[in-house]
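A quick write-up on the structure given underneath.
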Amino acid sequence: MWAELIILAVVAMHVAAAACAWRALRKSRTPEGSVGWAVFLLAAPFWGVPLYLIFGHHKYSRYFITRRESAEVVAALNDRAGKLGPPVRPEPDPAPFERLAGMPVLRGNRLTPLIDGEAAFAAMFEAIDTAESYLLVQFFIIHDDATGRAFGERLAAAARRGVKVRFLADPVGSYRLPARYLAALRAAGVEVAERREGPGPRTRFRINFRNHRKTVIADGRRGFIGGLNVGDEYMGLSERFGPWRDTHLELAGPVVAQLQLMYAEDWHWARGELILDQLAWDMPPEPEDMSALLVPAGPADELETGALLFFAAIAAAKERVWIASPYCVPDSDLMTALKHAALRGVEVRILVPDAIDHRIPWLAAFACFDALRAVGVQIWRYREGFMHQKVVLVDDRLAAIGTANFDNRSFRLNFEAMALGFDRDFAARTAAMLDDDFARAYLLETPLAKQPLHIRLGAPVARLFAPIL
């Protein structure tokens, strides 16, 4: 009898593997993903099926509901764009980015890069401490350490003085955040949203979809977004990483409405509550009059928003495109876009950290470096601590700062956002910031064949995991 049960179990697992492989072939967003999952499932079904159930989901639909319900706000943003007039500097053409965002480029903004944790947390803490009406807060990772507790105490203090505080933390990224941290926030009057409380996925089979956004909005007037999470390591206090190089961005002006709309969608997903009519939407223009756009991206989008955003930026470049990211695992389309830009004579630079936080994506990057370098793409490796920023610079007209890494997870699996500034002054400040970073980096010139043995052997294997990195 036991032999029969074992045979049935083996047959059932192979049938399940075949069914999952067929679904992967039909549903995966890239050919690489389809082939990778299908081969893995059929070759090792007892490993492949459980992993596919966890990491193989390709799309999440709940956000579509919120997008329909927020249509009135998007219409108001379109109307405001018309009243403010066209962007002052419409080059590069903003149309592809506007279509991806589903929102217009807006004038009248001020965009201020915040370099590293000290500047970023000082600005965010000041905004929290001076908020009068409401705070919207969201991070991928929040730690219960000195920085995390200082952050939580400020939120609690704001709530106690009558500010409406809403708080989101991704349960995967913040899985170590203890219940007492959240309990202290609730006791002070902070509204804490966790996915298990609302209509979002309640099962770990959905852990592949992570909300990687980092947002603070104060009174609808000031907004923050960028690479920094909340914890001591982001202040450069980690013994493991040492100095932590990151970039956040402060927003003021009408573009804050777009950031706020994105947060309202995330809140609706987490709690099933629409808060659009509880927020301020009349953001006055700033004298800097920068043209800006927020581009949210995620697995609920009908288009490949994350990947297409990078593709559009690379394609728009005439003189240079610089990309700073902790990970460099582009898919075949973006590999081609980078190569084509270099062949057109565009200066293509990719800045990645030399230090390691996640070994598999770090190794996988080496598998694509040689092909990029062969056509003139420059690979720079930052060597003063760990670099975590997500920045794109195109010529002297466009710069983007946000949460999206240059890898498949950010392209297609995570909920991300990038703030784009179509402005010479903003681009110049971003270029100067990156110039300082390149001065702390070295140009990679060693091919994979001459790398240490563990890199030569590990890079091709790690590259196989690219569809889920």
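A few points about this structure:
- Considered as a group, the residues in region 136-166 that are among the hydrophobic types (A, V, I, L, M, F, W, C) and more than 26 Å from the chain's Cα centre (by Cα) include one that is surrounded by the fewest Cβ atoms within 10 Å (Cβ to Cβ), and that residue is Ala157.
- Odd one out for Gln389 among (1) polar (S, T, N, Q); (2) modelled with pLDDT of 95 or more; (3) farther than 23 Å from Arg320 by Cα: (3)
- For the residues Trp281, Trp244, the requirement of being modelled with pLDDT under 95, assigned by TED's automatic domain parsing to the domain that holds Arg154 and among the aromatic types (Phe, Trp, Tyr) singles out Trp281.
- Hits in region 393-410 - residues which are within 21 Å of Val346 (Cα to Cα) and of a type outside the set (Lys, Arg): Leu393, Val394, Asp395, Asp396, Leu398, Ala399, Ala400, Ile401, Phe406
- Tally of residues being more than 27 Å from Met387 (Cβ to Cβ), touching a Lys or Arg at 6+ places or on another chain (Cβ under 8 Å), part of a helix (DSSP H, G or I) and hydrophobic (A, V, I, L, M, F, W, C) across region 244-291: 5
- Test: residue in region 413-424 that is free of Cβ contacts under 8 Å to residues at least 24 places away in the same chain and either in the same structural domain as Val256 (by TED's automatic domain parsing) or on the phi < 0 side of the Ramachandran plot (or both): no
- Qualifying residues in region 237-261 (those that are under 21 Å from the mean Cα position of the chain (by Cα) and among the small types (Gly, Ala, Ser)) - the one surrounded by the most Cβ atoms within 10 Å (Cβ to Cβ): Ala257
One line per residue, one yes/no per condition, for (1) β-branched (Val, Ile, Thr); (2) surrounded by fewer than 16 Cβ atoms within 10 Å (Cβ to Cβ); (3) touching a strand residue (DSSP E or B) at 6+ places or on another chain (Cβ under 6 Å):
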position	(1), (2), (3)
Glu304	no, no, no
Lys318	no, yes, no
Ala324	no, no, yes
Thr336	yes, yes, no
Leu343	no, yes, no
Ala365	no, no, yes
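- Selection count where residues are more than 26 Å from Asp354 (Cβ to Cβ) and among the charged types (D, E, K, R), scope region 306-334: 3
- In region 305-408, counting only strands (runs of 3 or more DSSP E) that sit wholly within it, the ones holding 3 or more residues that are of a type outside the set (S, T, N, Q) and farther than 24 Å from Ser291 by Cβ span 347-353, 378-382.
The values are calculated or read from the model by the stated rules, or taken from the named source; none is laboratory data. These figures come from a predicted structure and were not determined experimentally. So basically every Cβ, Gly included, is an ideal-geometry build from the backbone, and we count neighbours across all protein chains shown.
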